[in-house]
């Protein structure tokens, strides 16, 4: 497996272009299954998760065309999808095991074709993430669902119909899946306690652009009036707020100054306020954010992860890396996933002082310095936390199992090198 080698100690300065959001692109790709017309997505990130999902859609029979253009010296990808000759309604294990978000094909296939089979999903090992909410909601919409030999087998011989659905928690995945399923369902579907993330708004914009009738964007109550047919459209993938937040911490932890081009400050209000409380300068501009850690004294600060617009669980590990070298103690409370502190032992190998209390909280006491060490990535966001620690550590850090990083960060080494990091990828064959 590939590794990443980092020699710490360099201050990072310059500009980093923020790519399209993985968590937005994945359901947008699957929305193409709802119509026989062409759906074009612009600003699609170059990630292994996108590659895996495209392979799955091709296996179903979707035609995919890729195009590339340069914008401000950045390579911008676009994909056009046409699902006018679907040959398969099964998402097999060999595809789904590589990427949990394959479950996004379930709602569109079932709604348009009245049948779908999905291998139970895999993904990052950050705790139990059952798809019970997805399945029970589809059952409320008239689907018959069975679990057979590790597969979800769903049928709706009379089609899906509108229903009043109340989520037990504000699940992003379930909100996306039911939005897509309801777009072609008969009647009106109302979702209460829906997720409000910017990625949801991006999906609603796409679906409405395809002819869907969805009201309530940016609120926890969504109303979908089903239509008989959707048509093609095009849309840009929203910038990745988690990538932006990750590179914001890179500027802070190295006492550097980075302008995050294409980042949207309105999507990162909680993390930006935490950075300011920790002593970091933040300047919000129309289409970028400047993070200034030059000469700043970093102080500890508590965070509590919560559903959007709260502090994102996907930035918890990165901010914990910053806390390891802050002055004083910080309390991290993880309210979303029960097993999202797997990066803690690896940070401690580098000299961090972190104590976990139960499954939900950790106390981080800042240390004078971190030391380079070989570490093991356990999931996507934890991987970036280890890279951040390596950027500020004395000596050499080797991050193993970086395939996690490739799932969510486009051209990571290139972007960090561009602002002064001493970082390189060690290929398997090197």
Legend entry - Given (1) buried (at least 20 other Cβ atoms within 10 Å of the Cβ); (2) in contact with a helix residue (DSSP H, G or I) (Cβ under 8 Å, 6 or more places away or on another chain); (3) within 24 Å of residue 342 (Cα to Cα); (4) at pLDDT 95 or above, number of the condition residue 405 does not satisfy: (4)
Inset, instruction - For residues that are more than 23 Å from the chain's Cα centre (by Cα) and outside any loop (DSSP other than H, G, I, E, B), scanning just segment 418-430, find the one that is farthest from residue 241 (Cα to Cα). - result: 426
Inset, instruction - Confirm whether residue 89 is at pLDDT 95 or above, surrounded by 23 or more Cβ atoms within 10 Å (Cβ to Cβ) and over 19 Å from the mean Cα position of the chain (by Cα). - result: no
Inset, instruction - Examine segment 349-358 for a residue that is modelled with pLDDT of 95 or more and under 13 Å from residue 8 (Cβ atoms), and state whether such a residue exists. - result: yes
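Got a sec? Which of 110, 28, 70, 57 is in a helix (DSSP H, G or I) and out of contact with any strand residue (DSSP E or B) (no Cβ under 6 Å at 6 or more places or on another chain)?
57
Restricting attention to segment 373-402, which residues are closer than 30 Å to residue 53 by Cα, in contact with a helix residue (DSSP H, G or I) (Cβ under 8 Å, 6 or more places away or on another chain), in a strand (DSSP E or B) and in contact (Cβ under 8 Å) with a residue 40 or more places away in the chain?
Listed by number, the list holds a single entry, 399.
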Inset, instruction - Sort out which residues of segment 291-315 are in contact with a helix residue (DSSP H, G or I) (Cβ under 7 Å, 6 or more places away or on another chain) and surrounded by fewer than 18 Cβ atoms within 10 Å (Cβ to Cβ), and write them in order of number. - result: 309, 310
Inset, instruction - Tell me which of these residue 9 doesn't satisfy, since it passes every other one: (1) in the same structural domain as residue 390 (by TED's automatic domain parsing); (2) under 19 Å from residue 414 (Cβ atoms). - result: (2)
Inset, instruction - Answer with yes or no whether residue 148 is over 22 Å from the mean Cα position of the chain (by Cα), at pLDDT below 95 and under 17 Å from residue 89 (Cα atoms). - result: yes
Inset, instruction - Quickly run through segment 345-372 and pick out the residues that are under 26 Å from residue 240 (Cβ atoms) and assigned to a strand (DSSP E or B). - result: 362, 364
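From 223, 219, grab the single residue that is modelled with pLDDT of 95 or more, out of contact with any helix residue (DSSP H, G or I) (no Cβ under 6 Å at 6 or more places or on another chain) and in a loop (DSSP other than H, G, I, E, B).
219
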Legend entry - Among the residues listed as 364, 387, the single one being crowded, with 23+ Cβ neighbours inside 10 Å, within 26 Å of the chain's Cα centre (by Cα) and closer than 22 Å to residue 406 by Cβ: 387
Legend entry - Test set (1) in the same structural domain as residue 205 (by TED's automatic domain parsing); (2) surrounded by fewer than 21 Cβ atoms within 10 Å (Cβ to Cβ); (3) part of a strand (DSSP E or B) - residue 231 fails condition number: (3)
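The values are calculated or read from the model by the stated rules, or taken from the named source; none is laboratory data. Computed from a predicted structure; not experimentally measured. So basically every Cβ, Gly included, is an ideal-geometry build from the backbone, and we count neighbours across all protein chains shown.
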